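Chemist: Below you will find the structure I want to go over with you.
The values are calculated or read from the model by the stated rules, or taken from the named source; none is laboratory data. Predicted model, so just to flag it, every value in this text is computed and none were measured. Backbone-built Cβ (ideal geometry, glycine too); neighbour counts: all protein chains shown.
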Amino acid sequence: MTEYLIRRVLQSVLVIFLITILTFLLIHAAPGGPTQVMLSPGLTPEIFEQQAKNLGLDQPIPVQYVRWIGDLLQGDLGYTFKNHIAVSDLLWPRIGNTVILMGAAWLVSLLIAIPWGIYNSTKVYGLSDQTASFISYLGFAMPTFWFGILLQQWLSLKLDWFPLSDMYTRGKEGDIGDLFMHLVLPITVLALGFLASYMKYARASMLEVLDQDYIRTARAKGVKERKVVFRHALRNALIPIITILGLDLPILVGGAALTENVFNWPGMGRWFVEMAGAREYSALMAVTIVTAVIVVIGNLLADILYAVVDPRVKLGKQGGKTA
């Protein structure tokens, strides 16, 4: 177990390291690149070269990368080009805002989707199952930004039930009740897509497990249906869902970026879009690295949870899984 965890952590570190290389190369290969943004326009070639030298932009790409990764390991994410503000000072508060939005949407979708999917697996093609199928098709087909605008139009502008946008009402910063009211619409938008996906996976996974021989044996012995579902079938049915949870992290981050822009939520995704428009490459690299770390850690945790959910899954000494 310990050897496997160490191996997985090392693999995750390697993935993040490769992502830093790819991100750095893509940013520096962009048209104009950091050089054109950082240096003042209208300079003579001599002054241009001198400024590039002062900023270290005249060095070979590998040398610039080593300097950048060294600063990154020390927590220095660089500075914005135009205002020379530390990227970390701008990024960390926005990460917290994004985590609040993503975490709440994820939790809501899981708390609704998994119990509902499990229930529908025992009542196939019933009213509840058909209702869930309709919601799932709606969630898969409806674009995030369009659904968000639709909710704003009806529930904010026409009915005035919820705030239109932002994270807090001006003057109520830190008010939990006000934060909750501002969360309702963006959470609804984000959760709908994942609700559709998780309901389908939970239902399909439970149906597959309920058709196994050991489940039929338990029923033949007179075990109550509730015990069959929750004690014998549920753990095995959760394994595919855990896989999806790990793989959905990038989608959740992308969906949060769209939702943050629609609802003017001061999070990391919205800030990334703003920094892309301003060609603030230090900020773009920082957001990319932070997102990569979140996704890698999420997949690592999902891999480890296999052994927690299903005791038959053992993390072997060779790093493989044997049932």
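Chemist: Please list, ordered by first then second residue, the pairs with beta carbon atoms under 9 Å, 6 or more apart or interchain, first in the range 63-87 and free of Cβ contacts under 8 Å to residues at least 12 places away in the same chain, second of a type in the set (S, T, N, Q).
Modeler: 67/59; 86/80
Chemist: For residues that are of a type outside the set (Phe, Trp, Tyr) and farther than 29 Å from residue 293 by Cβ, tally how many sit in the range 99-154.
Modeler: Result for the range 99-154: 26.
Chemist: Pick out, from the range 173-275, the helices (runs of 4 or more DSSP H) lying fully within it that include 2 or more residues that are farther than 28 Å from residue 124 by Cβ.
Modeler: Fully inside the range 173-275 and qualifying: 176-210, 249-262.
Chemist: While we're here: What residue, of 257, 286, is of a type outside the set (Ser, Thr, Tyr) and in contact (Cβ under 8 Å) with a residue 60 or more places away in the chain?
Modeler: Among 257, 286, only 286 is of a type outside the set (Ser, Thr, Tyr) and in contact (Cβ under 8 Å) with a residue 60 or more places away in the chain.
Chemist: Note down all Cβ pairs under 6 Å where the first residue falls in the range 153-176 and is farther than 15 Å from residue 266 by Cα, the second is loosely packed, with under 13 Cβ neighbours inside 10 Å, and they're at least six residues apart or on different chains.
Modeler: As it stands, the answer is 155/161, since those pairs meet every condition given.
Chemist: Restricting to the range 57-90, what's the tally of residues that are surrounded by 13 or more Cβ atoms within 10 Å (Cβ to Cβ), among the β-branched types (Val, Ile, Thr) and assigned to a helix (DSSP H, G or I)?
Modeler: Number of matching residues: 2.
Chemist: If you scan the range 28-71, which residues turn out to be modelled with pLDDT of 75 or more and touching a helix residue (DSSP H, G or I) at 6+ places or on another chain (Cβ under 7 Å)?
Modeler: Residues satisfying the conditions are 61, 65, 68, 69.
Chemist: If I filter the range 91-149 down to residues being part of a loop (DSSP other than H, G, I, E, B) and within 20 Å of the chain's Cα centre (by Cα), which single residue comes out as surrounded by the most Cβ atoms within 10 Å (Cβ to Cβ)?
Modeler: 142
Chemist: For residue 166, indicate whether it is more than 24 Å from residue 110 (Cα to Cα), in contact with a Pro (Cβ under 8 Å, 6 or more places away or on another chain) and not in a helix (DSSP H, G or I).
Modeler: Considered against the rule, which asks whether it is more than 24 Å from residue 110 (Cα to Cα), in contact with a Pro (Cβ under 8 Å, 6 or more places away or on another chain) and not in a helix (DSSP H, G or I), residue 166 comes out as yes.
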